1. With respect to PRO367, determine if the residue is surrounded by fewer than 13 Cβ atoms within 10 Å (Cβ to Cβ) and closer than 30 Å to PRO427 by Cβ.
2. Quick one: which helices (runs of 4 or more DSSP H) lie wholly within the range 44-158 and hold at least 1 residues that are at pLDDT 80 or above and not assigned by TED's automatic domain parsing to the domain that holds GLY204?
3. Test of understanding: among GLY117, GLY90, GLY110, GLY72, which residue is surrounded by 18 or more Cβ atoms within 10 Å (Cβ to Cβ), over 20 Å from the mean Cα position of the chain (by Cα) and not hydroxyl-bearing (Ser, Thr, Tyr)?
4. Given (1) closer than 22 Å to HIS210 by Cα; (2) over 13 Å from the mean Cα position of the chain (by Cα); (3) buried (at least 24 other Cβ atoms within 10 Å of the Cβ), identify the lone condition not met by MET523.
5. Among the residues of the range 502-533, write down those that are over 16 Å from LEU585 (Cα atoms) and assigned to a strand (DSSP E or B).
6. Take ALA537 and decide whether it is closer than 24 Å to VAL492 by Cβ, in contact with a helix residue (DSSP H, G or I) (Cβ under 8 Å, 6 or more places away or on another chain), in a helix (DSSP H, G or I) and hydrophobic (A, V, I, L, M, F, W, C).
7. I'd like the full set of residues that are small (Gly, Ala, Ser) and buried (at least 24 other Cβ atoms within 10 Å of the Cβ), limited to the range 492-506.
8. State yes or no: is VAL315 surrounded by fewer than 19 Cβ atoms within 10 Å (Cβ to Cβ), among the β-branched types (Val, Ile, Thr) and either within 23 Å of LEU464 (Cα to Cα) or in contact with a helix residue (DSSP H, G or I) (Cβ under 8 Å, 6 or more places away or on another chain) (or both)?
Amino acid sequence: MAKFKSMVTGTRGLRWVRRIFAVGSGAVLAVAFPGIDIGVGLWFWLPLLLACFEIGGRSWAWRNFRTGWLAGVTFHLITLRWLSDIWSAGPVLSLLGWFLLSSYLAMYFGVWSALVGWLARTDWQLLEPEEKKKFSGVTVAPVEGGKPTLESWSEHVEARKRPAMPKWLRGSLMVLGNAAIAAAAWVALEWVRGWLMTGFGWNGLAVGMHQNATLIQAADLVGVTGLSFVPVFCGYVLYVTLRRVHLEISRGRWRPHPEVGVAVLLVVACFVYGVRRLSEKPEVMSMQVAAVQPLMSQDQKHDRRAATDNAISIVGLLRDEMIAREVEMTQVLEAAILSGEEVELQSPHLDLVVLPESVVPWVIQDPHSYEFARQVRLVSAGASSDVVMGLMGQKIDAEDPEEYNSVAAFLNGRDYADEYHKMRLVPFGEYLPLRWIPPIEWIAGRAVPGDFDRGTSTEPLDLLLRNGEPSADMIPLLCFEDTIGEHARQFVREGRPQLMVNVTNDGWFAGQLAGRQHAANAMFRCIELRRPMVRAANTGMTCIIDSTGSFYDRHRDDRSKPQVLLDASGETTQVEGVLFGNAYLPVSGEMTLYAWAGDWFAMVCAGSVGLVILGRGVGALRNRGADEGEE
């Protein structure tokens, strides 16, 4: 036993304890995200990581960085495990990409840990409760040579008049300041991660709150990135409070903890705001939507020879689902007539049919694309639906031809297609970074044979022509663009009914984890912008999300089923079928604070942390100069 204790308390033993705590911290955080969905982990992972900084004595930047990186790589390896099986990449490249991306993203955990160890270091002596002192009832003035002096007596009286700030209050203010710095640093780094080197903001910390509909409503103020401030602030306060209570128990002296009240107040403020937002009932315009999920393999989707067969099978799928829908509605109506009950039936007419990204390898201008859209419209009830799908865009120029990954909107009553060309391209999927370097082209060129061009337009597309004029706008989002709030907000137009439409293909990845995480990230766009979203995915998560981030139809009495395409077992991705549902567009689309100002809160956090770093740096230089002067 003594040998084991010496092993643990020794330098090597403490190193392993830190590593175990760091790995545990990343694992606890991972359970809050889609795939495990235990949201409580979001509030308790940080104390484990902060404890690592204290193990083994005083922390220092490089050690904190390594500890934070270990927690981060654990978290990302767990949550991004769907990257380990990528179609067309092969097992070796898939595993390599999974580890390299996880390692890169973990560096933000490491940088944050180093910053917290420097900028938000806790002075535990200030938090220790003072010893109990016996009151003698006698106040002695300062004396000089055995007799009180006038100057010393005056200073003593003035000092007695000035009430000193209690030690416990100074400690609480220090904790609150450090918690704010730690939370601001996290938000700033998460914001940088979203745009640096093309950006990858997937699974920001606040996405772990995706199941808590009330708390996440504040995303329309600060965005999902800014919302991460709350769990970091509370996690820091929780850790320090636990340590502080332990010190108080050992000394037998209890002190107030106003920092806990501030953390609780922050959560309550988010909750109250969320309740108010969820209770609002703005005037809406209802659209009946069909989102098609064809369950098409990647080989089949990219085979140009099978394009016509693919189109025929999709039209057949939609026709069969429409017939089944009409039969079901007839049965419900007959049952209601026999029982005498009132039922709410939807019109068989469809306003919009959405197909996934690149279900057929045709360009928009190809006559086959127009005929495909016409056939889709014909099998829709009423034959007057708008049809939106992902296709290839092309600009033919003799000198510099351009190719795009695009969204095409074939509107009923318009003889041409509106186009949107994707702006946020996926590295190593839609273009190869540094292709001009021979080793990169040799290693990855086969998997990425050509590069797409980037689109530039942020104009919304038209929807629902009435007398030749659009009655609504569409915000087109291709693939993972629905996970980028800063991108989606550029399409917002105040005072207009708008619908976000995401066409995506998550069939690159095995299993349903990628699709579920994709949808969980996308739902925050609906809250940030207060616009609903329709998602049509090929082997992804096909769903309709309202402007509060809910997957349920909150405007109907029957809310027992989410507006998500599911099979009998609850599977969401490996499903072939059509989702019929309702999208409710606020008639007077509001301009939320986030839609207007974007990641303003994250920028404020970044600026604040920068000022703190500058102040600490200037202070360190002054202290060094003073020390050199004394020498």
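The values are calculated or read from the model by the stated rules, or taken from the named source; none is laboratory data. Bear in mind the structure is a predicted one, so any value in this text is a computation, not a measurement. Heads up, the Cβs are rebuilt from the backbone with ideal geometry, glycines too, and the neighbour counts pull from every protein chain shown.
1. Values: surrounded by fewer than 13 Cβ atoms within 10 Å (Cβ to Cβ): yes; closer than 30 Å to PRO427 by Cβ: no.
The answer is no for PRO367.
2. No helices (runs of 4 or more DSSP H) qualify here.
3. Working: GLY90 fails: surrounded by 18 or more Cβ atoms within 10 Å (Cβ to Cβ); GLY110 fails: over 20 Å from the mean Cα position of the chain (by Cα); GLY72 fails: over 20 Å from the mean Cα position of the chain (by Cα).
Being surrounded by 18 or more Cβ atoms within 10 Å (Cβ to Cβ), over 20 Å from the mean Cα position of the chain (by Cα) and not hydroxyl-bearing (Ser, Thr, Tyr) holds for just one of GLY117, GLY90, GLY110, GLY72, which is GLY117.
4. MET523 satisfies every listed condition except (2).
5. Result: VAL503, THR504, ASN505, PHE509.
6. No: the conditions fail for ALA537.
7. Residues of the range 492-506 that are small (Gly, Ala, Ser), as a first pass: 495.
Across the range 492-506, there are no qualifying residues.
8. Yes.
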